[in-house]
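Student: Got a structure for you, questions after.
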Amino acid sequence: MRLTAPFAVLALAASTVLATVPSAYAAPAAPAPAAAPATDGATPPMPSGRTDYRTLADYQSDMDRLAERHPNLVKKVTLPHRTTEGRPVTGIEVTRDAHRADGKPVLMITGMHHGNEWASGEVTMEFAFDLLKNHGRDKTITRLLDRVRVLFVPVVNVDGFVLNTRRTATNTDMNRNYGFGWSPSEPFPGTGPWSEPESRNVRDAISSRQVTTFLTMHTCLANILYPPLQLKAGLPQDIDAFRAFAGALGNQNGYYHTTSAEDYETAGEAIDWSYYATRGLGVTVEVCTNPPTGLPRTWQTLVPEQYWGIDAVRGKGNRGAFLVALRQAADRAQHSVITGEAPKGAVLTVTKGFDMWTNPIPQSDGTSRPVSFAQRLTSTMRSDGGRFTWHVNPSIRPEPPYQADGVHGDRAGRFLRESWTLTCARPDGKVLQTVKVTVDRGESKRVNLNQCRKLWHRH
């Protein structure tokens with residue numbers, strides 16, 4: 001939830017805010033949802049059967065239970081950094097053959113950047129139950145889940161959830177702590193960019209996977225937000241893609257969409273960093289009664305009714321929005337693909353490194369200047385032998401508005417023609433071949449790994 005959301009924005013009609021999508025970019029079609037349980041017009045039960053909010057122990061036991069029941073479809077994940085109070089941050093990856101290091105695109109869904117926004121974690125966790133319940137039963141869900149890996153982290157701010165507070169145990173708003181565009185003038189931004197283990201966890205999870213689609217779930221405004229966070233940064237280069245994606249989500253849950261800056265300006269949030277670092281589409285979804293000033297905020301109105309949808313979006317809701325995101329992640333036109341042939345067991349790795357910048361920060365000498373931080377993207381897959389297909393984010397990255405000499409808006413059409421560095425290695429780490437791959441959104445590039453294949457068979 002935003003701290004001071006302007007009610008003028010909340011009152012905007014959906015027809016005013018939902019931007020017209022240019023014909024050059026087609027919105028992802030919504031998949032047909034699995035049939036909801038028959039309830040004679042009442043809201044269906046939640047996929048897990050729950051009727052109230054989870055505790056932290058409930059989240060952990062539910063993820064453990066899903067992993068035990070679906071060993072081929074669920075892989076348990078622990079993010080690399082413990083919280084300030086020493087708690088692990090856990091999640092699950094859900095896909096067919098979940099334990100294989102394959103080349104599927106990744107949809108990442110997180111809940112509770114803010115620890116007191118309970119419904120954000122609930123709808124995230126319930127969608128995991130929903131997918132696993134319907135894999136093998138519903139053709140659409142089965143097909144999409146066979147093609148996409150979904151990473152669920154329902155509680156990213158574990159300490160805040162335990163303490164029932166918006167912020168972390170260090171009194172930091174972790175969604176103001178991401179390094180890109182970080183500013184000390186924001187409310188509770190932390191002692192510096194990436195100062196909190198919680199924000200570093202999300203950074204590392206995305207940087208080590210090909211997250212082509214990212215949903216960060218919040219409460220409680222009933223809207224969908226995308227970059228930029230600040231008006232001076234200008235619209236993102238892929239604004240048409242953001243509008244089409246957010247519009248397709250809004251057609252399901254009934255929420256309006258707009259840029260985060262037009263909602264109200266802030267800095268150091270997850271979605272700006274994730275887009276300018278990876279070019280994957282990341283949006284903030286604010287789960288709430290619609291309009292937010294309407295129904296009382298209870299378990300029933302914030303979780304079941306928002307998950308399944310009511311009134312004009314009955315039978316769609318945030319469940320339908322999640323399915324749109326799943327289809328978006330699977331759509332080859334919305335990311336990039338690398339293909340080739342590699343020996344069985346070969347470890348393929350793509351990497352890319354570059355610097356990113358904060359907002360100008362006051363210095364001890366009285367001046368203000370941005371501070372840089374190194375960003376490295378690294379992900380890995382293992383070849384089954386023969387032809388491989390790897391779904392990746394584009395190597396061609398949008399030129400960021402935050403630079404070494406300050407903030408530069410109006411980046412329309414300006415991209416950095418960077419390349420992935422792809423290595424083919426033995427399982428012991430011996431690199432046999434390195435190639436550069438330059439690939440744009442919607443493109444597929446074939447790499448020649450003949451050297452790797454030749455050296456693989458030598459003693």
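Student: Applying the selection to region 336-377, what residues are under 20 Å from Thr212 (Cβ atoms) and aromatic (Phe, Trp, Tyr)?
Tutor: If the condition is that a residue be under 20 Å from Thr212 (Cβ atoms) and aromatic (Phe, Trp, Tyr), then Phe354 is the only one that fits.
Student: Let me ask you something else. Just give me the residues in region 359-381 being in contact (Cβ under 8 Å) with a residue 40 or more places away in the chain and of a type in the set (A, V, I, L, M), in sequence order. Before you say what the answer is, go through the steps one by one.
Tutor: Step one: filter region 359-381 for residues in contact (Cβ under 8 Å) with a residue 40 or more places away in the chain, giving 359-362, 371, 373, 375-381.
Within region 359-381, Ile361, Val371, Leu377, Met381 meet the criteria.
Student: Name the single residue that is farthest from Gly49 (Cα to Cα) among those in region 292-333 being part of a loop (DSSP other than H, G, I, E, B) and in contact with a strand residue (DSSP E or B) (Cβ under 9 Å, 6 or more places away or on another chain).
Tutor: Of the residues in region 292-333, the ones part of a loop (DSSP other than H, G, I, E, B) are 292-298, 303, 309-310, 314-316, 331.
Pick out the ones that are also in contact with a strand residue (DSSP E or B) (Cβ under 9 Å, 6 or more places away or on another chain) and you get 292, 331.
Working: Pro292: 26, Asp331: 31 Å.
Checking each candidate, the answer is Asp331.
Student: Which is hydroxyl-bearing (Ser, Thr, Tyr) and more than 19 Å from the chain's Cα centre (by Cα), of Thr259, Thr216, Thr191, Thr212?
Tutor: Going through Thr259, Thr216, Thr191, Thr212 in turn, the sole match is Thr191.
Student: Within region 407-444, work out how many residues are in contact (Cβ under 8 Å) with a residue 60 or more places away in the chain, of a type in the set (Lys, Arg) and under 30 Å from Ala261 (Cβ atoms).
Tutor: Count: 3.
Student: Can you pull out the strands (runs of 3 or more DSSP E) entirely within region 146-244 that have at least 3 residues that are of a type in the set (Val, Ile, Thr) and touching a helix residue (DSSP H, G or I) at 6+ places or on another chain (Cβ under 7 Å)?
Tutor: Numbers: elements: 149-153, 211-218, 223-226.
Here the list reads 211-218.
Student: Find all pairs meeting these conditions: Cβ atoms under 6 angstrom apart; at least six residues apart or on different chains; first residue within region 388-406 and under 30 Å from Ala346 (Cα atoms); second residue among the aromatic types (Phe, Trp, Tyr).
Tutor: Ser395/Trp420; Ile396/Phe415
Student: Any residue at all in region 285-299 that is within 30 Å of Trp420 (Cβ to Cβ) and either under 21 Å from the mean Cα position of the chain (by Cα) or crowded, with 17+ Cβ neighbours inside 10 Å (or both)?
Tutor: Applying the first criterion (within 30 Å of Trp420 (Cβ to Cβ)) to region 285-299 yields 285.
Filter once more, so that each one left must be either under 21 Å from the mean Cα position of the chain (by Cα) or crowded, with 17+ Cβ neighbours inside 10 Å (or both): 285.
Within region 285-299 (the criterion being within 30 Å of Trp420 (Cβ to Cβ) and either under 21 Å from the mean Cα position of the chain (by Cα) or crowded, with 17+ Cβ neighbours inside 10 Å (or both)), the answer is yes, since at least one residue qualifies.
Student: Considering only residues of region 70-97 that are of a type in the set (Ser, Thr, Tyr) and closer than 25 Å to His135 by Cβ, which is surrounded by the fewest Cβ atoms within 10 Å (Cβ to Cβ)? Spell out the reasoning first.
Tutor: Step one: of region 70-97, the residues of a type in the set (Ser, Thr, Tyr) are 78, 83-84, 90, 95.
Add one more test, that the residue is closer than 25 Å to His135 by Cβ, and what stays is 78, 90, 95.
On the way: Thr78: 11, Thr90: 19, Thr95: 25.
Ranking the qualifying residues of region 70-97, first place goes to Thr78.
Student: Here's a follow-up. Sort through Pro394, Pro343 and tell me the only one that's touching a His at 6+ places or on another chain (Cβ under 8 Å), more than 22 Å from Ile239 (Cα to Cα) and not assigned by TED's automatic domain parsing to the domain that holds Ala248.
Tutor: Values: Pro394 fails: more than 22 Å from Ile239 (Cα to Cα).
Sole residue among the options that is touching a His at 6+ places or on another chain (Cβ under 8 Å), more than 22 Å from Ile239 (Cα to Cα) and not assigned by TED's automatic domain parsing to the domain that holds Ala248: Pro343.
Student: I'm trying to understand the selection: among the residues of region 78-108, which are aliphatic (A, V, I, L, M) and under 24 Å from Ala321 (Cα atoms)?
Tutor: Our first condition is that a residue be aliphatic (A, V, I, L, M); within region 78-108, this holds for 79, 89, 92, 94, 98, 101, 106-108.
Listed by number, the residues that qualify are Ile92, Val94, Ala98, Val106, Leu107, Met108.
Student: Is it the case that region 93-102 has a residue that's within 17 Å of the chain's Cα centre (by Cα), over 20 Å from Met217 (Cα atoms) and in a loop (DSSP other than H, G, I, E, B)? First the steps, then the outcome.
Tutor: Filtering region 93-102 down to residues within 17 Å of the chain's Cα centre (by Cα) leaves 93-95.
Add one more test, that the residue is over 20 Å from Met217 (Cα atoms), and what stays is 95.
Imposing the further condition that a residue be in a loop (DSSP other than H, G, I, E, B) reduces the set to 95.
The answer is yes; a qualifying residue exists.
Student: Ok, one more. State which residue is surrounded by the most Cβ atoms within 10 Å (Cβ to Cβ) when the search covers only region 335-349 and only residues that are in contact with a Pro (Cβ under 7 Å, 6 or more places away or on another chain) and either within 20 Å of Asn177 (Cβ to Cβ) or of a type in the set (Gly, Ala, Ser) (or both).
Tutor: Ser336
Student: Something else about it: Please find, among Ala404, Ala325, the residue that is of a type outside the set (D, E, K, R) and surrounded by 17 or more Cβ atoms within 10 Å (Cβ to Cβ).
Tutor: Only one candidate passes the filter, namely Ala325.
Student: Something else now. Just checking, does region 109-121 include any residue being in a helix (DSSP H, G or I), in the same structural domain as Glu286 (by TED's automatic domain parsing), surrounded by fewer than 24 Cβ atoms within 10 Å (Cβ to Cβ) and within 18 Å of the chain's Cα centre (by Cα)? Lay out the reasoning, then the answer.
Tutor: Of all residues in region 109-121, those in a helix (DSSP H, G or I) come to 118-121.
Still in the running and in the same structural domain as Glu286 (by TED's automatic domain parsing): 118-121.
Next, from what is left, pick out any that are surrounded by fewer than 24 Cβ atoms within 10 Å (Cβ to Cβ): 118.
From what is left, the residues that are within 18 Å of the chain's Cα centre (by Cα) are none.
Looking for residues that are in a helix (DSSP H, G or I), in the same structural domain as Glu286 (by TED's automatic domain parsing), surrounded by fewer than 24 Cβ atoms within 10 Å (Cβ to Cβ) and within 18 Å of the chain's Cα centre (by Cα), one finds none in region 109-121, hence no.
Student: Among the residues of region 161-184 satisfying the criterion of being without any contact (Cβ under 8 Å) to a residue 60 or more places away in the chain and out of contact with any His (no Cβ under 9 Å at 6 or more places or on another chain), which is nearest to Ala270 (Cα to Cα)?
Tutor: Checked region 161-184; the qualifying residue nearest to Ala270 (Cα to Cα) is Thr172.
Student: Find the residue count for region 350-367, including only residues that are more than 26 Å from the chain's Cα centre (by Cα) and surrounded by 11 or more Cβ atoms within 10 Å (Cβ to Cβ). Walk me through how you get there before you give the answer.
Tutor: In the first step, residues of region 350-367 are kept if they are more than 26 Å from the chain's Cα centre (by Cα); the result is 360-367.
Then keep just the ones that are surrounded by 11 or more Cβ atoms within 10 Å (Cβ to Cβ); that gives 360-362.
Total meeting the criteria: 3.
Student: Any chance region 451-459 includes a residue that's more than 13 Å from Leu348 (Cβ to Cβ), in the same structural domain as Lys352 (by TED's automatic domain parsing), of a type in the set (A, V, I, L, M, F, W, C) and touching a residue at least 24 places away in the same chain (Cβ under 8 Å)?
Tutor: The answer is no, given that none of the residues of region 451-459 is more than 13 Å from Leu348 (Cβ to Cβ), in the same structural domain as Lys352 (by TED's automatic domain parsing), of a type in the set (A, V, I, L, M, F, W, C) and touching a residue at least 24 places away in the same chain (Cβ under 8 Å).
Student: Now for a different question. Out of Ala248, Ala233, I need the residue that is aliphatic (A, V, I, L, M), in contact with an Asp or Glu (Cβ under 9 Å, 6 or more places away or on another chain) and buried (at least 21 other Cβ atoms within 10 Å of the Cβ). Which one?
Tutor: Answer to the check: Ala233.
Student: Please verify whether Ser274 is within 29 Å of Pro187 (Cβ to Cβ), surrounded by 15 or more Cβ atoms within 10 Å (Cβ to Cβ) and at pLDDT 95 or above, treating the condition exactly as stated.
Tutor: The answer is yes for Ser274.
The values are calculated or read from the model by the stated rules, or taken from the named source; none is laboratory data. Every value quoted in this text rests on a predicted model; they were computed, and no experiment measured them. Virtual Cβ from ideal backbone geometry, glycine too; neighbours counted across all protein chains shown.
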